[in-house]
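Below is one structure; the comments refer to it alone.
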Amino acid sequence: MKITGTVLIAIIIFLLGAYPQEMSANRQTTVEKFAAFAEDEQLTVRDWSVTIKQSLDRKDLVDQKNEIISFFSNPDVKLEESTNSLKFIIKDTQKNSETNESFILVVPKNESMKAEMVYVARGRGTSSMSPENMSKPLDVKSRFFKENVTIFSCIKAESSGIIDDVLVYQKFKQTFNILTIDKVIERGWSSRTGYTNQWGQALPAAGDSMNVQFASRTLGGKTNITIGTPIITAEY
C-alpha cells in the first residue's frame, strides 16, 4: 500500500499527540538547555524550576482539587487566605532529596473572576535533571492542563568568583539567538530582556514581544546568574 508523505506525517502526529515535539522523551527541555549553557560557562547550577499555569472555571475547582490530591502519594493540603484570594496549596510530602512538586489553586474572592491553577516542579543542581524528573512537568501538563498554557522555565546558577556578566550574556545571546529588547544596569546588578524564535511563547513588552530574561548579581565575591523564560518568576 502506497502512503503519501502528507498522510504519513499526519499519522506520526496522531500517534505522538498534538505536541509531538514537547512529548518526545529525547527532546531537551528549555531548562536543560539553560543548565547546559551555564555549565559550559563554568557556572554551578544551584536550582531549577518549571512552572505551568492556566485559568480554571470555578465549577471545576472541587473536582480538580480532588484529582490533584489523588495524584500525589502523600499529599499535604494547606489553605492560605489573603485580602483578595484564597490559596489551596497541595504538596507531595513523599521524601525526595532532589525534587519537589506542588500545585496551587488560586481562588479570587471576586466571584466574577476565574480561578487559576499553578503547578511547580523544583530541583537542586544538575544531578536532579534525570529523564524521569524532566518528564514530570510534561506528564502533569498532559493530565491536568489544556493546550493553551503558560510554561515558565528558570535556573539559578553561580560562579566560584566574580566574573564578567556582560561577556556571559553576550555568549548567551549568541547561543540562543537573542534580540535584546531592554536592559537595566546598576552597580552590582543587571537585568536584560529579550526575544528569541527558538521557543514559541512570548509576552507583550513595551510594544515588542519578549520571552527571555537574564539577570546577574555580584555579591559576596560571587556572581549569581538567573535565566528565565518567558520571564523570571518569583515565589508564586
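The values are calculated or read from the model by the stated rules, or taken from the named source; none is laboratory data. Since we're looking at a predicted model, the values are computed, not measured. All Cβ positions, glycine included, derive from the backbone under ideal geometry; neighbour counts span all protein chains shown.
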All-but-one check, SER112 against (1) small (Gly, Ala, Ser); (2) in a loop (DSSP other than H, G, I, E, B); (3) in contact (Cβ under 8 Å) with a residue 40 or more places away in the chain, failing number (3)
Take the stretch 95-109 and flag every residue that is of a type in the set (Ser, Thr, Tyr) and part of a strand (DSSP E or B).
-> THR99, SER102
Restricting the search to the stretch 181-209, which residues are within 29 Å of VAL106 (Cβ to Cβ) and at pLDDT below 90?
-> TRP199, GLY200, GLN201, ALA202, LEU203, PRO204, ALA205, ALA206, ASP208, SER209
GLU80: surrounded by 16 or more Cβ atoms within 10 Å (Cβ to Cβ) and charged (D, E, K, R), yes or no?
-> no
Give, as residue ranges, the strands (runs of 3 or more DSSP E) completely inside the stretch 140-236 that count at least 2 residues that are acidic (Asp, Glu).
-> 179-186
Take the residues of the stretch 130-150 that are among the aliphatic types (A, V, I, L, M) and modelled with pLDDT of 90 or more: which is farthest from the chain's Cα centre (by Cα)?
-> VAL140
Just for the stretch 87-124: of the residues that are within 18 Å of the chain's Cα centre (by Cα) and at pLDDT below 90, which one is farthest from GLU67 (Cα to Cα)?
-> GLU98
Determine whether SER127 is modelled with pLDDT under 90 and either assigned to a strand (DSSP E or B) or of a type in the set (Ser, Thr, Tyr) (or both).
-> no
Select from the stretch 178-207 the residues that are surrounded by 13 or more Cβ atoms within 10 Å (Cβ to Cβ), hydrophobic (A, V, I, L, M, F, W, C) and more than 22 Å from VAL31 (Cα to Cα) and list them in ascending order.
-> TRP189, ALA205
When ALA206 is evaluated against the numbered criteria (1) in contact with a Gly (Cβ under 7 Å, 6 or more places away or on another chain); (2) farther than 14 Å from ILE155 by Cα, which criterion, by number, is the only one it fails?
-> (1)
